[in-house]
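All of the numbers you see were taken from the coordinates with simple rules; none came from a lab. Because the structure is predicted, anything quoted here is derived from the model rather than measured. Neighbour counts are summed over all protein chains in view; Cβ atoms, including those assigned to glycine, are modelled from backbone coordinates with ideal geometry.
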Amino acid sequence: MRVLITGITGFAGSHLAEYILDRHPDVEVFGIVRWRSRMENISHIRDKIELCEADLKDMVSLQGCLAHIKPDRIFHLAAQSFVPTSWTCPSETFAINATGQINLFQALLGLKQSPRIQIAGSSEEYGQVFPDEIPMKETNPLRPLSPYAVSKVAQDLLGFQYFKSYGLPVVRTRGFNHTGPRRGEVFVTSSFAKQIAEIEKKKKEPAIRVGNLDAQRDFSDVRDIVEAYWLSLEKGEPGEVYNIGSGFARTIREVLDILLSLSRVDVRIEVDPKRLRPSDVPILLADSSKFISLTGWKPRIPFEQTLRDLLDYWRERV
C-alpha cells in the first residue's frame, strides 16, 4: 500500500508518518513538501519516507506528484492551522485550506485516480454552540467564528460534495484539540511549555504571557489522534464525518496549572492583549461515540503525560 501525507513536515503529519512506519511497516509512506518546508520534524525518519515537491496552490505540481506516487490513501493534513493567523491573513488561509483542497481533488480527477482520502477537519467548525448542543455531535449546526473555521467548514463540505458529485471516497474527520511533542510554539499548550522551559533556564523573566484562560477545550494526545486518522480510512464510510476527541473538556487555566505543577518555578501570569481573539469559542467538547462505536478507538495517553512530554521537548530545545 502507498500512502500520501500532505503536511508531512508539520505537527500531526510527522506523528502520522511515525505511526504508520511503526505500526504498518509494509506501507510505503510518501509526503508532499514545498521548497521552503522546514524538515526538523521528520529528520529522524527522512531515510524511511519519500518526499515529492508540490504546492497546494499549484495544481500542475500536485498532478506531477500524484502521477508519480499513485497513492492508495491520502491523509490531507496540510493547512494554515493557526486560528489567530487567519484573522490577519484570511485570504491566504482560505487559499491554502479550501482552494488548495479543490486543487488536490481536481488533480486526482484529472489523473482518474480515486484513493481513499481523509480530510482533517476541526472542532472549530462548530463555532458558536448553545448549552443544549454540548457535547457536540456531528449533527450540530456549524457556526464558525473565525476565518480559519470558515475555511475548515469549506474543506469539510467540499469533501462531501466531491464524494457525491464525482465518487471520490472522502472520509471527513473533525479533530478536537490535540497537543504533544513538536507542537508549534504559537499554540497555547506549546507556548506555555516553552515559556516555562525558558524560565527554568533563566532565559526569560518569571512571567507567563497568556490569552483567554477561561476557554474550555477537549484535548487529546497527537499520538492518539493520528491513530484515529489511520482508523478513519481503515473503517470509516466514504461521505461520512466523524468527531475525534477525548470527551473531556478542561479550561486553558487548568492546562497551565498542570504544566506549572510539572515544574518548580514560581511565575506570575500576565494577560497579553495580542493573544486575545476578536471572537472566541467558549467551549469545544466532543461526542465521539459515532467514531468509537465504528472503530473501537479511544485515547490511551494520559493528559498529564502528554504535557510532560511536551515540556521535556522544550527543555531540550531552549
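Using a 10 Å cut-off on Cβ atoms, rank the peptides 150-161, 298-309 from the highest mean neighbour count down. Mind dumping the intermediate values first?
Working: 150-161: 21.2, 298-309: 16.0.
Packing proxy ranking, top to bottom: 150-161, 298-309.
By its C-alpha gyration tensor, with a ≥ b ≥ c as the square roots of the eigenvalues, how is the range 272-318 shaped: rounded for a/c under 1.5, else prolate for a/b larger than b/c, else oblate? Write out the running numbers ahead of the final one.
Working: a/c = 4.00, a/b = 1.22, b/c = 3.28.
Oblate.
Using only the Cα atoms of the range 101-166, build the gyration tensor, take square roots of its eigenvalues as a ≥ b ≥ c, and label the shape rounded, prolate or oblate: rounded if a/c is under 1.5, else prolate if a/b is larger than b/c, else oblate.
It comes out prolate by the Cα gyration axes.
So if we plug the beta-carbon distance of Ser91 and Asp214 into 1/(1 + (r/R0)^6) with R0 = 30 Å, what FRET efficiency do we get, rounded to 0.05?
The pair Ser91/Asp214 has a calculated efficiency of 0.45.
Can you give me the relative contact order of the range 212-318 as a percent, contacts being Cα pairs under 8 Å and 6 or more apart?
Relative contact order, the range 212-318: 45 percent.
To the nearest 0.05, how large is the calculated FRET efficiency for Glu254 and Glu40 if R₀ is 30 Å and r is the Cβ-Cβ distance?
On the way: r = 30 Å, r/R0 = 1.00.
Efficiency, from the Cβ-Cβ distance: 0.50.
Cross-link partners among aspartates and glutamates for Lys48, C-alpha distance below 17 Å, same-chain residues fewer than 8 apart left out?
Glu18, Asp22, Asp26, Glu28, Glu40
May I ask you to order 261-274, 12-25 by the average number of other C-beta atoms within 10 Å around their residues, highest value first?
The most tightly packed comes first, giving 12-25, 261-274.
By the scheme Lys and Arg +1, Asp and Glu -1, what is the net charge of all other residues having a beta-carbon under 9 Å from that of Glu240? Let's see the in-between values first.
Values: positive: Arg172, Lys290; negative: Glu138, Glu237.
The answer is 0.
Distance cut-off 27 Å, Cα to Cα: go down the list Lys112/Lys164; Lys194/Lys235; Lys204/Lys298 and report the pairs above it.
Lys194/Lys235; Lys204/Lys298
Taking 2.2 N^0.38 Å as the expected size of a compact globular protein, what ratio does the Cα radius of gyration of the range 44-160 give against it, to two decimals?
So the Cα radius of gyration is 1.19 times the expected 2.2 N^0.38 Å.
With all pairs of different alpha carbon atoms counted, what Kirkwood hydrodynamic radius in Å does the range 175-250 show?
That comes to 14.6 Å for the range 175-250.
Can you show me the helix-derived [θ] at 222 nm for the chain, built from DSSP H runs with n ≥ 4 at -39,500 (n - 2.57) apiece and divided by the number of residues, rounded to the nearest 500.
-12000 deg cm²/dmol
How large is the Kirkwood hydrodynamic radius of the range 1-94, in angstrom, based on all distinct alpha carbon pairs?
After inverting the pairwise mean of 1/r, the radius is 13.8 Å.
Quick check: the distance between the Cα centres of the range 235-268 and the range 89-156, to the nearest angstrom?
Each part reduced to its Cα centre gives a spacing of 21 Å.
Around Val267, with a cut-off of 15 angstrom between Cβ atoms, what is the net charge of the other residues, counting Lys and Arg +1 and Asp and Glu -1?
Neighbour charge sum, excluding Val267 itself: +2.
Which whole-percent values make up P(r) of the range 234-318 when all C-alpha to C-alpha distances are grouped in 10 Å steps starting at zero?
12, 31, 32, 19, 5, 0
Got the relative contact order for the range 42-195 handy, in percent, Cα pairs under 8 Å and 6 or more residues apart?
24
When only C-alpha pairs under 8 Å and at least 6 residues apart count, what is the relative contact order of the chain, in percent?
18
Using C-alpha positions alone, give me the convex hull volume of the range 165-318 per residue in cubic angstrom.
Output value, Cα hull per residue: 128 Å³.
What is the fewest-to-most order of Phe187, Phe75 by other Cβ atoms lying within 10 Å of their Cβ?
Phe187, Phe75
Using only Cα atoms, find the angle between the long axis of helix 100-111 and the longest principal axis of the chain, and express it within 0 to 90 degrees, rounded to the nearest 10.
In the chain, helix 100-111 runs at an angle near 20 degrees to the longest axis.
Asp72: net charge of surrounding residues, Cβ under 13 Å, Lys/Arg +1, Asp/Glu -1, itself excluded?
Once all neighbours under 13 Å are counted, the net charge is +1.
If the convex hull of the alpha-carbon atoms of the chain is projected onto planes in all directions, what is the mean projected area in square nanometres?
Value for the chain: 15.5 nm².
Find the cysteines in the chain that fail to meet the 4.7 Å Cβ criterion with every other cysteine, and list them.
Cys89, each lacking another Cys Cβ under 4.7 Å.
Where does the Debye-calculated log10 I(q)/I(0) of the range 148-219 sit at q = 0.15 Å⁻¹, using only Cα point scatterers of equal weight, no solvent?
Scattering profile of the range 148-219, log10 relative to I(0): -0.70.
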